[in-house]
Structures are given as C-alpha cells and as structure tokens.
Amino acid sequence: MSNEEYYKDEEFREILEEYEETVKSGQPVFMDADDLADIADYYQMEGHHDQAEVAINRALELEPDSVVALNYKAHDCINLGDFTGAEDYLDQIIDRQLPEYIYLRAEIWIAQDMIEEADKYLRQQFVECPPDECQDYVLDVVNLYGDYGYNDKAMEWMMRAKQDGSDDFKELMGRTMLGLGQYEDSERIFNELLDRNPFQKRYWNALANAQFMKEDYGASVTSSEYAIAIDPNDGEGLLAKANGLFRLENYEEALKYYQRYSEREPDDEFGYLHQGTCLINLGRCEDAIAQLRKAEEKALDDSPYLEEVYQELCFAYSELKMPETALYYVDKAEEMGCDHLDMLVIRGHILLGNNRIKEAEQMFKQAISESNSSKQIVMRVIVSIYDNKYTEAAYTLFKHFYAYYDKAHEGHSYMALCCFDLKHYDEFLTYLKSACEHQPQEARQVLGHLFPQSMKPEDYYHYMVKKLKN
C-alpha cells in the first residue's frame, strides 16, 4: 500500500482523528512516534507545513531515538540545504545497518553532488544485502538517484534488478526512461500500467509528463485531467494541466490552474511565477507584478526560479513604462549569475521599448561585439527589434543576417512572422516551411497562433498554402 493509499485507509483516519481531537482539547499528545511521523507526512503532502512541523517535533519529544522521526527531520534539513543539520540527525540513528540509515547516508552525499562517495557506499552495502532483500534494495537506490535527477545512475542500478514484470518495476522503469529522455518508451509503459489500473493518479501524472516532454501538449492536458478527476486537489495533476495549457497559449485557463496549485502549495514560488507569466501574456502587468513579488518573497536564495522571477519582473515593469525599475531587476538577475550577454540584450530590449533608441542601440552593439557576432546574440537582437514593433527594420536585418550566415536556419519562425505582417506571402511560406522542418518547437511557439490549436507544426505549411489561396 502506498503512502497516499494508507492516508485514505480507515486505520490512518482514526489515528489522525484521535490526534486532532487531542490537540484541539489542549491535552498532551501521547502517541507512537511512527504514527506521529505518518501524520506529519500527511500534513506535508496536504501543504500544511506548520502542522507537519508540530507533529514531528512531538514525535521526537516522545521518542528522541525514533528512526522515522530522525529521518524526517534530516530530510527537512536536506531540503533547506542544511547538510550539517542532516548529518547531526543521521548520527543520532544508532543502528547503522538499518535501511533508513543507509539510504539517508547516501542521500546526504547525493544532495551535495558527492556521487562517487554515495555510489561506493551503496555498492558496499549491496554486497552485504541478504539475497531476498536485493530486489527491494536496488529499486530503492534507483528511486534515490531518480529523485535527484541522476538518471544515468538510476538506469545503471536498474540493470541490477530482476525484470519481474511487477507494477512497481514497470513504474520505476517508466520514470527512469522519462528522466533519460526516452519519452516514447516511458509513455508506452505508463499506458500499459493504466490498462491494468486506470484509477492510479501517479500513472496519469507520469503519462502527462512524458507527453508534455514530447510536446504533445493536448494529450498531456487530457492525461492530467484524469489525475485531477481522481483527486481534485492533486498538486502534480494541477501543475501538469497548467503547464500544458500554458504551452497551448491558453493563458486564461492556465492561470486558473496555477492559482489552484498555489492554493495547494502556498510556499512554492513556481506557481506564483507562472501566474505572473500568464498575466503578462494577458496584458495584465500590474496583476503580474503582484504575483511575481509573491514568488520573489517565497523563493529561497538558491531557488532555481529566482532568475526567471527577476526577468519576468523586468519585462512587466518595462511594459508599464517603468524602465528604471525594469533595469533594476535586470541588475538583480545578473547578480544571480544570468548570462551577461543575454542581460545586455534584455537591457536593449527594455530601452527600445521605452523609446530610448540610442541607448538601446548601444546595448545591442555591445552585446554583438562582446559575443564576437555570435549568431544566437545577433538573432536575439533582431527578434527584440521585431517584438518592439519595428517590423520593417527587423525584416531588413533578417535579410542581412541570412546573407551573412549562409544556410542558417535560426529564427526562420520569426522571419516568417515578419513576412506575414508585411504581407510578403511568398517569402512567408518559404520561411514557414523551413521553420517547421528544422525547428518545429520554435515554429509552434512563435507561429502557433496562426493555426488551429491542435495542429502539429508538420501540417502548418499545407494548411497555410490552402488558406492563402482561398
């Protein structure tokens, strides 16, 4: 029985009800530490982090040597990047042959990218593992590496497992393939699992992720809807649907699901960041700034999303004709380690959008010069000029770009859009065809609004030929 299934079980509901009634009455809590750890884990899963903290602290007060409670507290430290604290809790586990100790010992190293140390230790423990426990041990190690994105290592350990055809084995193989970018194989596996158990939301969410990664966004949204139907408050399902809708440029609906996700996970900056991005796309920049500031407030200093929060803030303030504030957030993004050349282009973009043309030109020239006329930087400058509605200028620069960089396919989607806006339809079709052949993902993102939402880029050209003839 999985944790989620256990939390719906009558036995756990009775334990939870007893605990909550005791807390409500103000009486001291005297319960088994393992039960309190389950309650803490349940609260954490439900997004009630303060209540989870109270429950796990009570577990440790009652049983200071509880392995489950020490493990829980160590994981809290890992999540906060406090590896010294995690080591302290690890050292309090007396029996070093317990699986909890072994996996925690390895995880603290893995979380710090000390893979060689972790793998050497895990292999040593594997040698000493009783034969009837080897399969479970291997699959636990696969899960551990997969959780931290070390999918090559996960697959390496997967090869040590017996291919027993069980649902657990297949699920883990599907997740490992997803991590390795083998999306078709992952999708096939999760479809097989769903044929056997169509009411398992984990499978629907994993299927949605595989479909999203292979850019089948419509199918991804549909799969996420099954997960939400099973559990309307499922954070992973809500996020999967929001992400799919966002990629389909259905920003109104995506916004609703990002809002529901943030209600479910109020401390996760990701939901607020993408609410802000949706609002920018909907032209509601003041509302966007409010959500982006929430994301900034929630994000830890080492958040992988903080740079993106700052960049979205700079675009929102630029749209509101507040260039100095926008440039302030460019500075903040650059302090976080964002690429200096990219930041020069963004500075130019903001200045151009606020009619500070000479300053923008200076930034663009500096970016091109410092990049040694990098194709990518030159292309980004031209796209910025197009986005700022200097369509004729962008068209002319694209012409020079393709004359200079012979056989370059970069930016053909944007050149197609330029030609479409200027009614150069023959050129438009030429660049459209090339964009769909060489960069279909960019073609969908840049040109998708000209076509039916469900249409694939490979069909864009023939559709548009017929439409222009009519």
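Where a number appears in this text, it was derived from the coordinates with a stated rule and is not lab data. Being a predicted model, the structure only gives us computed values, none of them experimental. Cβ: placed from backbone, ideal geometry, glycine included. Neighbour counts: every protein chain shown.
One table, with the values for the structure above:
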item: For the chain, convex hull of alpha carbons as volume per residue, Å³; result: 185
item: Between the range 289-303 and the range 130-192, the Cα center-to-center distance that results, in Å; result: 34
item: The range 386-440: C-alpha gyration tensor shape, a/c 1.5 cut-off, then a/b vs b/c; result: oblate
item: Highest to lowest packing among 389-396, 462-469, 343-350, scored as the average C-beta count within 10 Å; result: 343-350, 389-396, 462-469
item: In Hz, Karplus ³J(HN,Hα) per residue of the range 398-412 (6.51, -1.76, 1.60; θ = phi - 60°; x = Gly, Pro); result: 4, 4, 5, 4, 6, 6, 7, 9, 4, 6, 6, 10, 4, x, 4
item: Relative packing of peptides 297-306, 69-78 - highest average C-beta neighbours within 10 Å first; result: 69-78, 297-306
item: The chain: angle of helix 269-281 to the longest principal axis, Cα-based, in degrees nearest 10; result: 20
item: Euclidean distance between Cα centres, the range 42-120 to the range 356-406, Å; result: 51
item: Candidate lysines for bridging to K358, where Cα separation is under 18 Å - those fewer than 8 sequence places away on the same chain excluded; result: K321, K389
item: FRET efficiency, 1/(1 + (r/R0)^6) with R0 41 Å, evaluated for T430 and Q362 via beta carbons; result: 0.75
item: Per-residue ³J(HN,Hα) for the range 284-301, Karplus 6.51 cos²θ - 1.76 cosθ + 1.60, θ = phi - 60°, Hz, x for Gly and Pro; result: 9, 5, 5, 5, 4, 4, 4, 6, 5, 5, 5, 4, 4, 5, 7, 6, 6, 4
item: Three-way shape call for the range 339-395 based on the alpha-carbon gyration tensor, with the a/c threshold at 1.5; result: oblate
item: Residue-span extension gain [E14 to E335] - 0.36 nm each, minus C-alpha spacing; result: 110.4 nm
item: Linear extension gain, D34 paired with K214, 0.36 nm per residue minus alpha-carbon span; result: 60.7 nm
item: Average Cα contact separation per residue, the range 339-395, under 8 Å, 6 or more apart, as relative contact order %; result: 33
item: Over the range 409-470, equivalent-ellipsoid semi-axes from the Cα gyration tensor in Å; result: 15, 14, 10
item: Listed pairs K433/K469; K241/K467; K375/K399; K407/K433; K73/K294; K399/K469 exceeding 20 Å between Cα atoms; result: K241/K467; K73/K294; K399/K469
item: The chain - mean residue ellipticity at 222 nm from DSSP helices (-39,500 (n - 2.57) per run, n ≥ 4, rounded to 500); result: -23500 deg cm²/dmol
item: Value of relative contact order over the range 169-216, rounded to a whole percent, pairs C-alpha under 8 Å and six or more apart; result: 38
item: Computed E for T396/M45 - FRET, C-beta separation, R0 45 angstrom, nearest 0.05; result: 0.20
item: Helix 10-25 axis, angle to the chain major axis (alpha carbon atoms, nearest 10°); result: 90
item: Listed peptides 422-433, 84-95, 273-284 by packing density, highest first (mean Cβ within 10 Å); result: 273-284, 422-433, 84-95
item: Cα shape, the range 303-428, gyration tensor, a/c 1.5 rule; result: prolate
